[in-house]
Amino acid sequence: MNSPHTAPIRRHTSAIHYRIQPIHPAAHLYEVTLTLAKPDAGGQRFTLPAWIPGSYMIREFARHIVSLVATAGGQPLAVTKTDKATWECAPTTETITLRYQVYAWDLSVRAAHLDETHGFFNGSSVFLLPLGRESAPCELEIAAPAGERYRDWRVATAMPRKAPAGEPASARLSTATGLEGAPVLEPGGMPFGTFVASCYDELIDHPVEMGSFTHASFEACGVTHHVAITGRHRADMPRLCADLKKICETQIRLFEPETATAPMTEYWFLVMAVGDGYGGLEHRASTALICNRDDLPSAAPGERKISHGYRRFLGLASHEYFHTWNVKRIKPAAFVPYDLTQENYTRQLWFFEGFTSYYDDLVLARCGLVEPLSYLELVAENIGRVSAHAGRLKQSVSDSSFDAWVKYYRQDENAPNAIVSYYQKGAMVGLALDLTIRRHSAGATTLDDVMRTLWVEFGKTGRGVPEGGLEAIASKVAGFDLAPFFAQAVHGTADLDLAPLFDSVAIEMQWKVPGQARPDDPVPPSLGAKIATEANGDARLSQVFDGGAAQAAGLSAGDIVIAVDGLRVTGATLERRIKGHAVGDRLALAVFRRDELMQFEVTLQAMGAQVCSLLMRDVPIDAKARRNAWILG
Ligand code: ZN
């Protein structure tokens, strides 16, 4: 494992120096100055990543560079763009300075954002890499925007601060030593200043938040963890810290049960609270999260129960924190090193994302934040989501991983019919593998043992996991050949046979039809399409499902349904009108496709069983014990 925070930086003279400042927050512009001594005398080239690790899609961040000028020895230097993301300077042996502006108006965890309320950036959106200097140490000066209104702004990042003269350059802020000491953090985060990274890869793996955010800290297994929340909110910070601490400690102990040692010396949860948003991106010593402000725990007195929204937030935090090991340190070989200019293909995202998804909720159960019954509800919901669409029967999670760049990350209206989520089905594969190993070993061996072996063999050594490597390690740890399991679960498209596995831990899996209260009630009819309500109230078919009534009648995604049997319908009434009929009824639908009025005759089909429930059985006792061992650890 790389240990970026402890590697001393010696080659000061060859460090790349970056300076970033929000120069015009209202116009969403950062200015970056890059100073490079000893450039490539034949013509130094600079490039910006096309994608950010953790989000597998080409995003072309260079398109947001607005203007760029170069100087050398105080004189203007000619610079030419040679491809979509690369600039080449005229030959010189003098120190080169680039000055450029970056437009930052993407309120997501993946890029950069700036306005008069706060700034956030990932280095991959703002810092050009001088080609050939990938391993050079970097210094980053983060400067506050000019103006009185920004005087309260602080910085939140896991990037190590540059040590004062006379101290080793690798020294951490004294705040990293914990809260029992005397934290020197100013209220609300750190002051602006200069930070260091051992190389470009580390520079862009520490996102930075700036503004007047809410800040709190806690210790988990001796490591200081910070929470910085931007955006209007009324979160109960002590409660949030207490709950996150349980998650962090449970995960640290999962990977290091003997020593409870975390792989980082400090960790930051950078949270953006908004009206409606959800997402997270993992980094080596931090995560950037975006969430609904209502999902954060309320500071209202007496509010103690964990709402669905808060459980969702904790699941997200748990997911990204688990990545600290799984994908940031245990990595696919295809990511060692990352090639940020183009797609990096791996068939293993079902493991790196799917198993992380399996553990994110399981950890909440293990540390007592969700009850076992609620945990089983989460598992059942996930199983129901995967089984709802035909794409699972056409694409394996191995293929879904490989094509993430053009399919999972670029979903269109046909996605339910064509693809399977390597998150959702990958989590089911994790569950099935865990229960298979537990059943075979009578509970003596578990998926935790597989994760720990991967951590020791790959995470700690920095070696990438080769394609097929996970399957080999799992068989070795489990003590029997799991090749048939992986052939079916990972490389095949048939549904996983989960019922016998649940049976081995005293859980019964049941399926129900949505809207059918009792098994002998009539089966509700289905149009076989997802209905969206347009801004003007129109009913639009946003997805048309394979094999369904709508598809059989010739309806398409995008069609606007205006009448059923001659009576007007809207987005609010179409579903109700369908439900008022019976399976086999024939309806005349009047539809606009583009501006053309069309008629279709639809024969309603029976709704398929899609709601999964997991019920705890009381016997036998040994299976019950295995169930508790699985859920509660
Ligand atoms: Zn993830």
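The values are calculated or read from the model by the stated rules, or taken from the named source; none is laboratory data. Everything numeric here is computed off the predicted structure, so don't read it as measured data. Positions of Cβ are generated from backbone atoms using ideal geometry, with glycine treated the same way; all protein chains shown enter the neighbour counts. For the accessible areas, the whole protein counts, side chains as well, though only heavy atoms, and no ligand, DNA or RNA atoms are used. Shrake-Rupley method; radii C 1.70, N 1.55, O 1.52, S 1.80 Å.
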So if I take the centroid of the Cα atoms in segment 504-536 and the same for segment 25-95, what is the distance between those two points in Å?
54 Å
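Return the carbon/sulfur percentage of the accessible area of the chain, one whole number, probe 1.4 Å, all protein chains in place.
Answer for the chain: carbon and sulfur cover 52 percent of the accessible area.
Using only helices, what value at 222 nm comes out for the chain when you add -39,500 (n - 2.57) per DSSP H run of length 4 or more and divide by the total residues, to the nearest 500 deg cm²/dmol?
The helix-only estimate for the chain comes to -7000 deg cm²/dmol at 222 nm.
How about segment 24-107: which GluC sites (Glu not before Pro) there are in a DSSP loop, with at most 14 other Cβ atoms within 10 Å of their Cβ? Before the final figure, lay out each step's value.
On the way: sites: Glu31, Glu60, Glu88, Glu94; in loops: Glu60, Glu94.
Hits after loop and neighbour filter: Glu60.
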Angle between the chain longest axis and helix 308-322 axis [Cα atoms, degrees, rounded to 10]:
50 degrees
At 1.4 Å probe size, with every protein chain present, just tell me what the per residue accessible area of segment 484-633 comes to in Å².
52 Å²
In terms of modelled amide H atoms, which long-range or inter-chain residues lie less than 5 Å from the amide H of Asp559?
Leu541
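Tell me which trypsin sites (Lys or Arg not before Pro) from segment 128-165 have a DSSP coil assignment and no more than 15 other beta carbons within 10 Å of their own.
Details: sites: Arg133, Arg149, Arg151, Arg154, Arg161, Lys162; in loops: Arg133, Arg151, Lys162.
Sparse-neighbourhood loop trypsin sites (Lys or Arg not before Pro): Arg151.
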For Lys624, go through the aspartates and glutamates and keep the ones whose alpha-carbon is under 17 Å away, minus same-chain ones fewer than eight residues off.
Glu371, Asp434, Asp503, Glu508
Quick one: check the C-alpha center-to-center distance for segment 224-302 versus segment 320-385, whole angstrom.
16 Å
How far is the Cα center of segment 124-141 from the Cα center of segment 474-503, in Å?
43 Å
Please give the net charge around His308, taking every other residue with its beta carbon less than 12 angstrom from that of His308, where Lys and Arg add +1 and Asp and Glu add -1.
-1
Can you say what percent of the DSSP beta bridges in the chain, counting only those with both residues inside, are antiparallel? Round to 5.
80 percent
Qualifying trypsin sites (Lys or Arg not before Pro) for segment 586-633 [loop in DSSP, other Cβ within 10 Å: at most 16]:
Arg594, Arg617
Taking the Cα centre of the chain as the origin and placing charges on Cβ (Lys, Arg +1; Asp, Glu -1), which of Thr71, Gly384, Thr287 is farthest toward the positive end of the dipole?
Thr71
Estimated dipole of segment 475-550 in Debye, rounded to 20 [Cβ of Lys and Arg +1, of Asp and Glu -1, Cα centre]
180 debye
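Go ahead and run the numbers for FRET between Asp595 and Gln411, Cβ-Cβ distance against an R0 of 35 Å, rounding to 0.05. Could you put the intermediate results ahead of the total?
Values: r = 27 Å, r/R0 = 0.76.
So, using R0 = 35 Å, E works out to roughly 0.85.
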Restricting to lysines and to Cα separations under 30 Å from Lys331, and discarding same-chain partners fewer than 8 apart, the set is Lys84, Lys162, Lys245, Lys246, Lys394, Lys407, Lys425, Lys460, Lys476
